[in-house]
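What follows is a set of notes on a single structure, which appears directly below.
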Amino acid sequence: MSPYVTGHVEPSAPGESADSTTPTDSSGPSEPARTTASAQTLDVSRSWSSTSGRSEEEPAVEGRGADRSSDLEPADEEPQELTLARIESMLTGPMEYNVQLTEDREHPCLLGTWDSFPFVIEIPEGHDGWLLVSGDWEEAAPASQRDEIAASVNDWNRDKFFPTVGVIDTPIGPLVRATYLTDLSAGATDAQLRLHLDTALSACTQALSLVGPLLPEI
């Protein structure tokens, strides 16, 4: 797993270039969490299946399709406040994933790995009720490929509404980061929370897998 670096690409609006390394203090993942994620080898990997929304260890049940929220909660369920405990409970309960809660700092977060990509899941500081899911490449690319990677990143952001993808410059080369950020400050039902987590994880892993140099290194 590659080392993370200080700084985070601020999510840009659809169609804007994300070839930027401007730090942000509000919407980006906490950098201590990124440092912790890079220093630990988490035994939480599962192969993601974008078609079923579940790990490949357990195939989807026929007929459940993309909308599996109907069997989670009653139709009249009231939205509840978004907390990290609720997110952890959803991921480790109905969604059956393994994540690690970091509690040894002022800003806790959840760490996990999907399709070999390290992820941080958190509620950003100063933005109570917002859900932030971000994943990075496992390793940095050669510095010579940065321009090609930046072009691929910009193509993705121009064509896709989410997640936002950006280039992070590290001492050993460029790194791609995918970010899904949404406002749930009005509350969310369990079914809505699961839908957002499903969407964030599948979309971010897809982006991290597809974005890359447009031409092979010579």
So what J values fall out for region 142-157 if you push phi through Karplus, 6.51 cos²θ - 1.76 cosθ + 1.60 with θ = phi - 60°, rounded to Hz, Gly and Pro as x? x, 4, 5, 9, 4, 4, 5, 5, 4, 5, 5, 4, 5, 4, 4, 5
For ARG158, ARG146, ARG194, ARG177, what ranking results if the residue with the fewest other Cβ atoms within 10 Å of its Cβ goes first? ARG158, ARG146, ARG194, ARG177
Within a 10 angstrom radius of the beta carbon, how do PHE117, PHE161 rank from fewest other beta carbons to most? PHE161, PHE117
Residues of region 83-122 with amide N under 17 Å of a point placed 7 Å along Cα→Cβ from SER209: 113-119
Computed FRET value (nearest 0.05) for ALA151 with ASP183, which takes r as the C-beta separation and R₀ as 35 Å: 0.70
In Å, what is the Rg of the alpha-carbon atoms in region 102-218, and how long is Dmax? 15.3, 51
If amide hydrogens are placed 1.01 Å from N in the peptide plane, which non-local residues have theirs closer than 5 Å to the one on LEU82? GLY187, ALA188
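Read-outs throughout are calculated quantities, based only on the coordinates presented, and are distinct from any laboratory measurement. Remember, predicted model here, so these are calculated numbers, not experimental data. Virtual Cβ from ideal backbone geometry, glycine too; neighbours counted across all protein chains shown.
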